[in-house]
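Okay, so here's the structure we're looking at.
The values are calculated or read from the model by the stated rules, or taken from the named source; none is laboratory data. Note that the structure is a prediction, hence the values are computed from the model and not measured. Every residue, glycine among them, receives a Cβ derived from its backbone with ideal geometry; neighbour counts consider all protein chains shown. Note: areas computed on protein heavy atoms with side chains; ligands, DNA, RNA excluded. Shrake-Rupley method; radii C 1.70, N 1.55, O 1.52, S 1.80 Å.
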There are 2 protein chains.
Amino acid sequence: MAKRVIFHELVSLDQASEILLKFARPLGEEEVDIAQAYGRMLARDITAPIDVPPFDRSTVDGYAVVAEATYGASELTPVEFKLVGRVEAGDWPAGEVKPGEAFEVATGAPLPRGANAVVMVEFTQTRGDLVKIFRAVAPGENVMSAGSDISAGEVVLRHCTKLTAREIGVLAALGLRKVPVMKRPIVGIISTGNELAAPGERLGPGMLYDVNSYSLAAAVQEAGGLPVIYGIVRDEESSYKSALLKALSESDVVLISGGTSAGVADLTYRVLGELGDVLFHGVMVRPGKPTLAAVINGKIVVGLPGYPSSALMIFHTVVRPFLLKLQCVEPSPPAVYKAKLAYGVEGAKGRRALYPVVLIARKDGYKAYPLYAESGAISVLARADGYIVIPENVEFMTEGEEVDVYLFEKFKPAELYFIGSHDPHLDTILARHNVKTVYVGSMGGLMSIKRGEADFAGTHILDLETGVYNVPVVQRLGIKGAAVIGLYRREQGLIIQRGNPKGIKGVEDLLRDDVVYVNRPRGTGTRALLDIHLSKLAQRLGTPFEELIRKIRGYTYEVKTHTAVAAAVAQGRADVGMGVRYAAELYGLDFIPLGWEEYDLVVRVDVLDKVFEIVREALENLPRGYEKYEMSGRVKWEG
Amino acid sequence: MAKRVIFHELVSLDQASEILLKFARPLGEEEVDIAQAYGRMLARDITAPIDVPPFDRSTVDGYAVVAEATYGASELTPVEFKLVGRVEAGDWPAGEVKPGEAFEVATGAPLPRGANAVVMVEFTQTRGDLVKIFRAVAPGENVMSAGSDISAGEVVLRHCTKLTAREIGVLAALGLRKVPVMKRPIVGIISTGNELAAPGERLGPGMLYDVNSYSLAAAVQEAGGLPVIYGIVRDEESSYKSALLKALSESDVVLISGGTSAGVADLTYRVLGELGDVLFHGVMVRPGKPTLAAVINGKIVVGLPGYPSSALMIFHTVVRPFLLKLQCVEPSPPAVYKAKLAYGVEGAKGRRALYPVVLIARKDGYKAYPLYAESGAISVLARADGYIVIPENVEFMTEGEEVDVYLFEKFKPAELYFIGSHDPHLDTILARHNVKTVYVGSMGGLMSIKRGEADFAGTHILDLETGVYNVPVVQRLGIKGAAVIGLYRREQGLIIQRGNPKGIKGVEDLLRDDVVYVNRPRGTGTRALLDIHLSKLAQRLGTPFEELIRKIRGYTYEVKTHTAVAAAVAQGRADVGMGVRYAAELYGLDFIPLGWEEYDLVVRVDVLDKVFEIVREALENLPRGYEKYEMSGRVKWEG
């Protein structure tokens, strides 16, 4: 099997970034039309070639005069002027003005030679070629003099300025149609890995879709670069090398994201070392250790981790500043939010650790919710707002510590945060609102409410002693400042294959050798419900619970949603699982009902109004497998 | 001349915005390739069509086994398994695994049927077709189970989500190559005005360049729209109407920015009313009163003010939220910064007032610097970071009041703020640093230092009593926490036409009837210098100063920079002006030296280091008309 790769020349994350920045020589400039210049970086200082305005311009409709000749004019003592001409905006005055003469001017029209002020039309009276003026004007009054706004020769815009609406407006005012801007870096992107297929293609057995080509291309765009996707390369030297050479010949920078096998990392290192100089090989960071960089014919090639969220975090910390600097954008860190850690997290023992987090806006600040998913998880991409950095020398960061959250993109905090049990019908309702959802099971949701992180949680936990759903557990946990709102009953049962080929009748069939079960994780209400059924069965059979569950094939095979249970059954990975009827019907599967349970919401009192809107919507047109009960839409408990 | 327009149906700024939002029906969706989807808005919920990962996947190199068969294995008591197969990432395992059997798996490879865990290769020893296992594994260990990341049937992305690198990564992982996104609004842009010429064209007499077509196009892009520039339309009904109809037939929204004359506003109102329904006509805001909107065949047409900064402010407050909503982006206000007002500003007497401001980052927060320039000024565009809003019922906002600054674009605060006297050589040096410059003359700069707004100021003010430059005035103003740094001497004099056709010899020639002067504003050191020369002349002639200056043609003609003085002389608008030699030479003009003055910097002590860098650079390679003096680069005073 693949040999273990040993990383020489490990550098710190900061060093990796600095090394690349040293190679960030601007790519030069190109001319673009100002209509295409939005968002580009100016490549040179812009000196005004003309005055703005280019002539003395009237700011009103009225009469251009020699101001001094109006002195003494008033309502009672008007002064009479001789009308000697007239000019509209866009025309040029024929003739000039002497003391005692007036020239009719429209707003925006040029002042005739000799005039130094304009009397507004409101303070005049015209008869034939005579104009009576009822108010004196000071020199310069109602005139915007040539160059008073921008003077020819002034440096109006500086190189390395981002061209937004305003700068483009200034360029237009100066009559500049073409503008020198920094070239945008062309970034070639290659994905490696024998197991990868391009999205849109059929997925063969054992294959996965290539994520990095597309997520990195988008990240390159966000950083102002022009991505070129070169597609997937097999883990084999000659095709690898020829893809790399092609990308190098057409791009300014090349990003290669490795497959997950050690063999690929090895191959990347060998080929890069052969074609150019390896700058560093391995970064002391988790995730992202296999990151490496080389310079080949003056062009930078960066090898990124294969896992999508790792690749994206390393892109942000190492590649993005480099791409910005190529365009003469001063590399600034991405937006940072101060937040309090929602859970404790471990450091990476001498390496720097990056943790993707969900950022939650709370009245007293932000909370950062570390995502514990495996580094290969795509759902991290779907949920994380950014990441936190745990320094090399920190072993553990405790709950409540302040952290900096580096955002992947501009952050738009959700209006409400739902954390808790997954319900497929509620999920479709929440999708229509500005709600961020994190499915961690009933207990996880209740703990989040208790810690003040979630706004509302979904839960379905039966108290065995009282036979009451949800309220007893909320009370036992000592939750305060929240209410339990009755939502609906939903039908739980066994999801089985269509036509029930295994002849499953109930929970006791899970003990059969030929039946494979698919389970839900501990902490979910559904897992708890199964275990209640199994406990009763164990009692009936006189078998200890622990022994009983060892007999169930797949008891340890856990998936995280009701729909995932249904999918596992539909695809034959299991024969039976527990879940709501809705999920079974979504996949066209059969369903053995085991009973109805109360799925309720636990809601922080300060957001009750907003959540009641969602509750109302959720109770309309309930699908099969759901029903209202006497407490639906009502407060069951408040504390 | 043009008749006065009376605005019926005046609405408030909020009403104007709300009226448009009512017409903001999403434009529908289109499919794009995920490689082109960056920044787009998702048009539908995305339900996962497949599980991610699509199969149970090993997260390590090792041996897939039935976990239960490894129980009891340890370093001392290894358990022997039979090797029955091998699978690489990207392949599919041939065969299955029973208790006592092991299947070699690479990282990322699928687990064979029957296996539920993987033993890492580190804890094994292989000989022939036997594998010794030295450590027990729990079910699920080192396995990422199918659908555990994303389950088929899960709603993973919701409609109206912006597609960034992460969302695009999720779509790729699901194998989705095409994605339904909201259509981007096509926004037709028309500029009206007989005086307008397109940038890049020759500017005829009395003409100005069209700014709004280009600045609005960029603002439309920033709001996610696709601008189409229809160019300039003359103020004449038939060409106006046909341009509008063409734009309407090809666009989703049309923006018309009016010329400055009342005639155009009139024309817009008449034509829009004829073709459709006018929604409002006039907004109670300053600037922006002539804003109007109409709906024609279900499409919105907005008439914006002609002045570029007014047009942009109204775009931001009224049009931008509308464009965003068309794309199902919840209209959120642009980024807001809390700042303290640097000067008092007046309200607009019953109308809401918008003031463009410069935002200055200070240690104790931000200061907003209202820009007092006339509303037609382009330099406002070059300098303003955003605008403040003064409510209808506020007559005056005083210095130091807290205001909300609405940003035009993402704000990147400058490192240093220079406010003060314009010096053409220093300007070219500052252009190379991250310094924001505001030229308000020597006195304005000193006042800014005193108020703690500027980091450093340029000044050249002679104390008549002592004959000393700069330090006396700084002391007299009671400036604290700042130092005066000697910069250089510069040669001041009269800038005259090349070859001196008017035979000017000195300041006394300004009194001649055939000579036109171009002056600098009060508060500038150059104006003060002229007045010193004129005072002496007045004394010599026995004429009162006030009487003397009335004899100078153009004494009241003020331009704001040295280069603007030179430009006025070069273009024949004046015969002579006062300024530095550098400006004369820039324009190839003649120069009558009047003496040398000390141009120094007044610097807040906490930024001395940074400014000294600039001073050093400015003192290298001084151009003609500048010279070092004994205090150059040295502290002349500190207090």
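Tallying residues that are under 20 Å from the mean Cα position of the chain (by Cα) and within 13 Å of chain B (Cβ to nearest Cβ) within segment A:299-322 yields 12.
Looking only at residues that are assigned to a loop (DSSP other than H, G, I, E, B) and surrounded by fewer than 21 Cβ atoms within 10 Å (Cβ to Cβ) in segment B:403-413, which one is farthest from the chain's Cα centre (by Cα)? So the residue we want is B:P413. If you go through segment A:57-85 and pick out every residue that is in a loop (DSSP other than H, G, I, E, B), in contact (Cβ under 8 Å) with a residue 24 or more places away in the chain and either farther than 25 Å from B:Y557 by Cβ or facing chain B (nearest Cβ under 7 Å) (or both), you end up with 5.
Which residue is modelled with the highest pLDDT, if the candidates are limited to segment A:215-224 and must be in a helix (DSSP H, G or I) and open to solvent by 10 Å² or more (accessible area, probe 1.4 Å)? Ranking the candidates gives A:Q221 first.
Of the residues A:A294, A:A247, only one is crowded, with 23+ Cβ neighbours inside 10 Å and free of Cβ contacts under 8 Å to residues at least 24 places away in the same chain; which?
Details: A:A247 fails: free of Cβ contacts under 8 Å to residues at least 24 places away in the same chain.
It is A:A294.
Within segment A:225-240, identify whether any single residue is touching a Lys or Arg at 6+ places or on another chain (Cβ under 9 Å), at pLDDT 95 or above and either within 8 Å of chain B (Cβ to nearest Cβ) or open to solvent by less than 10 Å² (accessible area, probe 1.4 Å) (or both), and answer yes or no. Spell out how you get there, then give the answer.
Step one: of segment A:225-240, the residues touching a Lys or Arg at 6+ places or on another chain (Cβ under 9 Å) are A:225-226, A:230, A:237, A:240.
Right, trim to at pLDDT 95 or above and you get A:225-226, A:230.
Narrowing further to those that are either within 8 Å of chain B (Cβ to nearest Cβ) or open to solvent by less than 10 Å² (accessible area, probe 1.4 Å) (or both): A:225.
Yes, segment A:225-240 contains a residue that is touching a Lys or Arg at 6+ places or on another chain (Cβ under 9 Å), at pLDDT 95 or above and either within 8 Å of chain B (Cβ to nearest Cβ) or open to solvent by less than 10 Å² (accessible area, probe 1.4 Å) (or both).
Does B:V615 fit the bill of being out of contact with any His (no Cβ under 7 Å at 6 or more places or on another chain), assigned by TED's automatic domain parsing to the domain that holds B:L487 and outside any strand (DSSP E or B)? Taking the combined requirement at face value, the residue satisfies it.
Being open to solvent by 50 Å² or more (accessible area, probe 1.4 Å) and either more than 13 Å from chain A (Cβ to nearest Cβ) or free of Cβ contacts under 8 Å to residues at least 12 places away in the same chain (or both) holds for only one residue in B:G542, B:G595, and it is B:G542.
Within segment B:600-611, identify whether any single residue is open to solvent by 10 Å² or more (accessible area, probe 1.4 Å), within 14 Å of chain A (Cβ to nearest Cβ) and either among the aliphatic types (A, V, I, L, M) or within 17 Å of B:T526 (Cα to Cα) (or both), and answer yes or no.
Taking every residue of segment B:600-611 in turn, none turns out to be open to solvent by 10 Å² or more (accessible area, probe 1.4 Å), within 14 Å of chain A (Cβ to nearest Cβ) and either among the aliphatic types (A, V, I, L, M) or within 17 Å of B:T526 (Cα to Cα) (or both).
Does A:V440 satisfy the criteria of being among the β-branched types (V, I, T) and over 19 Å from A:G523 (Cα atoms)? Spelling it out, it is not the case that A:V440 is among the β-branched types (V, I, T) and over 19 Å from A:G523 (Cα atoms).
Rundown of residues vs (1) within 60 Å of the chain's Cα centre (by Cα); (2) among the hydrophobic types (A, V, I, L, M, F, W, C); (3) at pLDDT below 90; (4) under 16 Å from A:S145 (Cα atoms), yes/no style:
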position: A:P78; (1), (2), (3), (4): no, no, no, no
position: A:G85; (1), (2), (3), (4): no, no, no, no
position: A:G95; (1), (2), (3), (4): no, no, yes, no
position: A:A109; (1), (2), (3), (4): yes, yes, no, yes
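Candidates are the residues of segment B:200-212 that are buried (at least 24 other Cβ atoms within 10 Å of the Cβ) and facing another protein chain (nearest Cβ under 7 Å); the one that is nearest to the chain's Cα centre (by Cα) is B:V211. Could we say that A:I150 is more than 7 Å from chain B (Cβ to nearest Cβ) and of a type outside the set (K, R) here? Judged against the criteria, A:I150 is not a match. Just a yes or no: is a residue in segment A:559-579 more than 11 Å from chain B (Cβ to nearest Cβ), of a type in the set (K, R), open to solvent by 10 Å² or more (accessible area, probe 1.4 Å) and touching a residue at least 40 places away in the same chain (Cβ under 8 Å)? For segment A:559-579, residues more than 11 Å from chain B (Cβ to nearest Cβ), of a type in the set (K, R), open to solvent by 10 Å² or more (accessible area, probe 1.4 Å) and touching a residue at least 40 places away in the same chain (Cβ under 8 Å): absent. Residue check: A:E547 meets all listed conditions (1) in contact with a Gly (Cβ under 8 Å, 6 or more places away or on another chain); (2) closer than 24 Å to B:G114 by Cα but one, namely (1). Going through (1) of a type in the set (G, A, S); (2) surrounded by 21 or more Cβ atoms within 10 Å (Cβ to Cβ); (3) assigned by TED's automatic domain parsing to the domain that holds A:P370 one by one, A:G400 falls short only on (2). Which one is most open to solvent (accessible area, probe 1.4 Å), of the residues in segment A:86-101 that are within 13 Å of chain B (Cβ to nearest Cβ) and part of a strand (DSSP E or B)? Ranking the qualifying residues of segment A:86-101, first place goes to A:R86. Segment A:414-483 holds strands (runs of 3 or more DSSP E) entirely within its bounds, and those carrying 3 or more residues that are within 22 Å of A:L381 (Cβ to Cβ) map to A:416-420, A:435-439. A count restricted to segment A:29-56 and to residues that are assigned to a strand (DSSP E or B), open to solvent by less than 50 Å² (accessible area, probe 1.4 Å) and more than 8 Å from every other protein chain (Cβ to nearest Cβ) stands at 5. Of everything in segment A:153-180, what is facing another protein chain (nearest Cβ under 7 Å), out of contact with any Ser or Thr (no Cβ under 6 Å at 6 or more places or on another chain), open to solvent by 20 Å² or more (accessible area, probe 1.4 Å) and under 17 Å from B:N434 (Cα atoms)? Give them in sequence order. A:V156, A:R158, listed by residue number.
The set of residues in segment A:103-141 that are more than 9 Å from every other protein chain (Cβ to nearest Cβ), within 19 Å of B:R553 (Cβ to Cβ), of a type outside the set (D, E) and assigned to a loop (DSSP other than H, G, I, E, B) comprises A:L111, A:P112, A:G114, A:A115, A:A136, A:V137. Can you confirm whether segment B:112-120 contains a residue that is surrounded by fewer than 20 Cβ atoms within 10 Å (Cβ to Cβ), modelled with pLDDT under 90 and either under 52 Å from the mean Cα position of the chain (by Cα) or not aliphatic (A, V, I, L, M) (or both)? Yes, because at least one residue in segment B:112-120 is surrounded by fewer than 20 Cβ atoms within 10 Å (Cβ to Cβ), modelled with pLDDT under 90 and either under 52 Å from the mean Cα position of the chain (by Cα) or not aliphatic (A, V, I, L, M) (or both). Within segment B:244-252, is even one residue touching an Asp or Glu at 6+ places or on another chain (Cβ under 9 Å) and more than 8 Å from chain A (Cβ to nearest Cβ)? Scanning segment B:244-252 turns up no residue that is touching an Asp or Glu at 6+ places or on another chain (Cβ under 9 Å) and more than 8 Å from chain A (Cβ to nearest Cβ).
Search segment A:335-390 for residues being of a type in the set (A, V, I, L, M), within 14 Å of chain B (Cβ to nearest Cβ) and in a loop (DSSP other than H, G, I, E, B), and hand back the single one that is surrounded by the most Cβ atoms within 10 Å (Cβ to Cβ). Break it down into steps so the answer makes sense when it comes.
If we filter segment A:335-390 for residues that are of a type in the set (A, V, I, L, M), which is where we start, we get A:335-336, A:339, A:341-342, A:345, A:348, A:353-354, A:357-361, A:368, A:371, A:373, A:377-378, A:380-382, A:384, A:388-390.
When the remaining residues are screened for being within 14 Å of chain B (Cβ to nearest Cβ), the result is A:335, A:357-359, A:361, A:371, A:373, A:377-378, A:380-382, A:384.
Okay, now just the ones that are also in a loop (DSSP other than H, G, I, E, B), so A:335, A:371, A:373, A:377-378, A:384.
On the way: A:A335: 14, A:L371: 19, A:A373: 17, A:A377: 24, A:I378: 28, A:A384: 25.
Looking at residues that are of a type in the set (A, V, I, L, M), within 14 Å of chain B (Cβ to nearest Cβ) and in a loop (DSSP other than H, G, I, E, B), I get A:I378.
Is segment B:181-196 home to any residue that is under 26 Å from the mean Cα position of the chain (by Cα), without any contact (Cβ under 8 Å) to a residue 60 or more places away in the chain, in a strand (DSSP E or B) and facing another protein chain (nearest Cβ under 8 Å)? Scanning segment B:181-196 turns up no residue that is under 26 Å from the mean Cα position of the chain (by Cα), without any contact (Cβ under 8 Å) to a residue 60 or more places away in the chain, in a strand (DSSP E or B) and facing another protein chain (nearest Cβ under 8 Å). Residues that are over 16 Å from B:D427 (Cβ atoms) and touching a Lys or Arg at 6+ places or on another chain (Cβ under 6 Å) were ranked within segment B:612-631; the one that is surrounded by the most Cβ atoms within 10 Å (Cβ to Cβ) is B:Y629.
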